[in-house]
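The values are calculated or read from the model by the stated rules, or taken from the named source; none is laboratory data. In this text the structure is predicted, and so the values were computed from the model without any measurement. Every residue, glycine among them, receives a Cβ derived from its backbone with ideal geometry; neighbour counts consider all protein chains shown.
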């Protein structure tokens, strides 16, 4: 709704409700493009989402998503559960993201406390999957995993005797 506006959100919701009604009578889903240029009817209708998503999809990919998905998507709020995360977490925020709420991502990191490592990049949502920003985000992930998965202490290695073992 942030980038598409209330009218587009209501139109998508109405279409999703109609598709959910179809599901109740065992009808196949109706589809809408996942991405499209601004102003078109789609799940994500912003220039960066359209350009970025198409840039990372393989040949033959179908640009579509079932409308009924959009009834559950607004209920997906990971920030509600962020305080329960018990392991180290890496959150990479794309500050020019038009798809995901950067405010919610920052809030989730804050709720995770010291368990979260937060990195913010000055790019759009899909830019992190291509070129120099892909390389940079992969480097950040490798560093995160090196730190998060390192042993807390080196276990003592017992010396194995060099004596031959005799079996009776």
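Just a few scattered comments:
- Scanning segment 27-56 for residues that are without any contact (Cβ under 8 Å) to a residue 60 or more places away in the chain, surrounded by fewer than 15 Cβ atoms within 10 Å (Cβ to Cβ) and closer than 17 Å to residue 99 by Cα turns up 37, 39, 40, 41, 47, 54.
- Flag not set for residue 80, criterion: out of contact with any helix residue (DSSP H, G or I) (no Cβ under 6 Å at 6 or more places or on another chain), outside any loop (DSSP other than H, G, I, E, B) and within 25 Å of residue 123 (Cα to Cα).
- Every residue from segment 72-106 that is over 30 Å from residue 20 (Cα atoms) and surrounded by 15 or more Cβ atoms within 10 Å (Cβ to Cβ): 85, 88, 89, 90, 91, 92, 93, 94, 106
- For residue 114, the criteria (1) assigned to a helix (DSSP H, G or I); (2) out of contact with any helix residue (DSSP H, G or I) (no Cβ under 8 Å at 6 or more places or on another chain); (3) farther than 25 Å from residue 143 by Cα hold in every case but one, which is (3).
- Members of segment 117-145 that are in contact (Cβ under 8 Å) with a residue 60 or more places away in the chain and assigned to a helix (DSSP H, G or I): 125, 126, 127, 129
- Test: residue 56 is assigned by TED's automatic domain parsing to the domain that holds residue 19 and more than 15 Å from the chain's Cα centre (by Cα): no
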